[in-house]
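Inspection log for the structure reproduced underneath, given as structure tokens.
The values are calculated or read from the model by the stated rules, or taken from the named source; none is laboratory data. Treat the numbers as computed from the prediction; the structure is a model and nothing was measured. Cβ atoms come from the backbone with ideal geometry, glycine included; neighbour counts cover every protein chain shown. Areas reflect the complete protein model, heavy atoms only, side chains present, ligands, DNA and RNA absent. Shrake-Rupley method; radii C 1.70, N 1.55, O 1.52, S 1.80 Å.
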Amino acid sequence: GAVVSQHPSWVICKSGTSVKIECRSLDFQATTMFWYRQFPKQSLMLMATSNEGSKATYEQGVEKDKFLINHASLTLSTLTVTSAHPEDSSFYICSARRTGPSGTQYFGPGTRLLVL
Amino acid sequence: RKEVEQDPGPFNVPEGATVAFNCTYSNSASQSFFWYRQDCRKEPKLLMSVYSSGNEDGRFTAQLNRASQYISLLIRDSKLSDSATYLCVVNGASGNTGKLIFGQGTTLQVKP
């Protein structure tokens, strides 16, 4: 089956630092990737849609200057949490949408971010 | 009102029981519907898509009622390994944009 990887799987950092999370589709091309965030006991919330070769589309309430997204190739999207604060601590999950008519989404294993 | 609403549970059932989860969605233009399963501290995994005619996959049956904007999942002969959170997911806009809207999830605990 299709595989999506994320790196790192967990991060602990000090407040004020920037954290970069990578999302890769390992065996298929993905023109569109999605970034979600999940706080404990809550549902996944879509943060932004990442499109290869163009600017990401952010959901309402998500600061584009704080959550930088780059989708430089058909297999890689990155999310950078800039100047992270404790309230950014969360479970960040990406998904990659297979190019083509089926458009099935496959989720990465997620990245746990803890900002001290 | 949340776009996708689910009863968070938890549902505690014995092995072998039949359990049903319900979900409602607010966007009548939604065209794709799914049930995902999420284990503790893991990513969600697609359990099954939901079609208007209803569909079955082994012990799992999904139903969609577009008129009522209601989706259901029935699990028969529950196994211990079915313990997880079940997420009702709806394509969040008209057309197949890929933007998924997740419900809060319903937690199932199957006990021996």
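Taking amide H as placed 1.01 Å from N in the peptide plane, the amide H of B:Ser83 sits under 5 Å from that of B:Val110, each at least 5 places away or on another chain.
The residues of chain A have, on average, 49 Å² of accessible surface per residue, using a 1.4 Å probe with all protein chains present.
The C-alpha radius of gyration of the protein assembly as shown, expressed as a fraction of 2.2 N^0.38 Å, stands at 1.03.
Dividing the radius of gyration of the alpha carbons in the stretch A:31-91 by their Kirkwood radius gives 0.97 for Rg/Rh. Projected label points at B:Ala17 and A:Leu114, each 7 Å from Cα along the beta carbon direction, are separated by 3.4 nanometres.
Surface composition of chain B: carbon plus sulfur atoms contribute 48% of the solvent-accessible area (1.4 Å probe, protein chains only, all chains present). Across chain B, the mean sequence separation of Cα contacts (distance under 8 Å, 6 or more residues apart), normalised by length, yields a relative contact order of 37 percent. Listed peptides B:100-112, B:27-39, B:5-17, A:7-19 appear in the order B:100-112, B:27-39, B:5-17, A:7-19 once ranked by packing, highest mean of other Cβ atoms within 10 Å at the front. Rolling a 1.4 angstrom probe over the protein heavy atoms with all chains in place gives the stretch B:36-109 an accessible area of 45 Å² per residue. Among the protein heavy atoms of the stretch A:55-116, carbon and sulfur supply 55% of the accessible surface, probe 1.4 Å, non-protein parts ignored.
What would the Debye formula give as log10 I(q)/I(0) at q = 0.10, 0.20 Å⁻¹ for the alpha-carbon point model of chain A, no solvent? For the requested q values the scattering log ratios are -0.26, -1.04.
Entry for the stretch A:67-116 at q = 0.24, 0.25 Å⁻¹: log10 I(q)/I(0) = -0.98, -1.03, Debye formula applied to identical alpha-carbon scatterers, no solvent contribution. The mean number of partner chain beta-carbon atoms within 10 angstrom of a residue's beta-carbon across peptide A:14-25 is 0.
Buried accessible surface for the A/B chain pair comes to about 1400 Å², total over both chains, computed with a 1.4 Å probe. Residues of the stretch A:3-40 falling in the label zone of A:Ser83, defined by backbone nitrogen less than 16 Å from a point 7 Å along Cα to beta-carbon, are A:14-19. Distance between the 7 Å Cα→Cβ label points at A:Val3 and B:Ser81: 2.1 nm. The mean count of C-beta atoms from other chains within 10 Å of the C-beta of residues in B:62-72, rounded to a whole number, is 0. Going Cα to Cα from B:Lys79, which aspartates and glutamates come in below 13 Å? Please leave out same-chain ones fewer than 8 positions away. Within reach: B:Glu15. What the Kirkwood sum gives for chain B is a hydrodynamic radius of 14.0 Å, with every pair of different alpha carbons counted. For a straight C-alpha distance cut-off of 17 angstrom, the aspartates and glutamates reachable from A:Lys66 (same-chain residues fewer than eight places away being disregarded) are A:Glu22, A:Glu87, A:Asp88. Mean partner shielding of peptide A:39-45, defined as the number of other chain Cβ atoms within 10 Å of each residue Cβ, is 6. Over 25 Å apart at the Cα level, from the set B:Lys42/B:Lys99; B:Lys45/B:Lys99; A:Lys14/B:Lys99; B:Lys2/B:Lys99; A:Lys64/B:Lys45, are A:Lys14/B:Lys99; A:Lys64/B:Lys45.
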